[in-house]
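First the structure, which I've put down as structure tokens, then a few questions once you've had a look.
The values are calculated or read from the model by the stated rules, or taken from the named source; none is laboratory data. Computed from a prediction, not measured in an experiment: that's the story for all the values here. Cβ atoms come from the backbone with ideal geometry, glycine included; neighbour counts cover every protein chain shown. Each accessible area value is taken on the protein alone, full model and side chains, heavy atoms only, with ligands, DNA and RNA left out. Shrake-Rupley method; radii C 1.70, N 1.55, O 1.52, S 1.80 Å.
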Amino acid sequence: GNDHGIRIYGLLLKLCGGDPSGFSTPYAFSIPGLDRVSSTDLFPDSVHIQQHFFFDDEDGETAFNHWQTLYSPTLWKKEDKGNYIVFRTLKGKRMEVFANKPHAEIQGRDDLQKYFEKTGRFPDLIVHRGHSYYIDNTLDRMTNSNKVAILGSCGGYQNISKAMENAWDVQIISTKQVGTLAVNTVLIQEITETIRLGKDLVWTEVWKQVSLRLKNNPQFKDYIPPYKNLGARFIKAYNSL
């Protein structure tokens, strides 16, 4: 007779392949698939916006410098805004990719926050590129505009609940254990190029392509795509009840 318990255990039964419809409850126990994000959702006003969070340490500088090489000057125009940079597409769908400079970690984030507030337009996709002890700085900046979050730090899987408190409709890529530059680079590259070409993010296809490129990297198995993120699916289903 406990409504909270009915919702929890009904959803757990459904997630495990059972059928709670045989019990006398007022709920349908619908579990979201989280198998794709449509291009329409990623371009709500004909432009797609990303924000990448970097942090002020040696790893942050290395990741930031390497990340910039992903944007070919034939496809992207780079603009230096002082405490942050932005890449804008020259070909393909219109995209704007923002990132604070690591040495201007706090001021860069604040400048970008003011920019997004002024324009009234917040990122569709966010990427955390720091260690796990920095992640609250990223989670605190999440909004309901975020449709995808890549939490590439170690143990990012543990932060899905807080992420979804701030961005209820977000689909999350996270790690169970170790997050690495090599895996994050390929994931970001594959996802960004798929978006630039105007395609839906179909996670099984994204994972297939990334797997081919990272077949010799054992740490990729620690990364969890949205459709296999049972925690996120459970939270979203519970909230919908």
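Cβ-Cβ distance below 9 Å, separation of 6 or more or different chains: which pairs start in the stretch 124-142 with a residue that is among the aromatic types (F, W, Y) and end on one that is assigned to a loop (DSSP other than H, G, I, E, B) and surrounded by 21 or more Cβ atoms within 10 Å (Cβ to Cβ)?
Y133/S153; Y134/F55; Y134/S153
Can you pull out every residue in the stretch 34-77 that is among the small types (G, A, S), over 23 Å from R141 (Cβ atoms) and within 19 Å of the chain's Cα centre (by Cα)?
S38, S39 - these are the residues of the stretch 34-77 that are among the small types (G, A, S), over 23 Å from R141 (Cβ atoms) and within 19 Å of the chain's Cα centre (by Cα).
Please work out which one of (1) at pLDDT 85 or above; (2) open to solvent by less than 10 Å² (accessible area, probe 1.4 Å); (3) farther than 17 Å from D56 by Cα; (4) not in a loop (DSSP other than H, G, I, E, B) is the condition E190 fails and give its number.
All conditions pass for E190, except number (2).
Would it be correct to say that L181 is hydrophobic (A, V, I, L, M, F, W, C), farther than 16 Å from Q51 by Cβ and surrounded by 21 or more Cβ atoms within 10 Å (Cβ to Cβ)?
Here the answer is no, as L181 does not meet what is asked.
Can we say F64 is assigned to a helix (DSSP H, G or I), among the aromatic types (F, W, Y) and in contact with a Phe, Trp or Tyr (Cβ under 6 Å, 6 or more places away or on another chain)?
yes
When only residues in the stretch 211-234 that are open to solvent by less than 40 Å² (accessible area, probe 1.4 Å) and aliphatic (A, V, I, L, M) count, which is nearest to S174 (Cα to Cα)?
I224
Scan the stretch 42-61 for residues that are of a type in the set (F, W, Y) and in a loop (DSSP other than H, G, I, E, B) and jot them down.
Hits for the stretch 42-61 are F43, F54, F55.
Looking at the stretch 6-41 only, could you name the residues that are among the small types (G, A, S) and assigned to a loop (DSSP other than H, G, I, E, B)?
Within the stretch 6-41, G17, G18, S24, A28, S30, G33, S38 meet the criteria.
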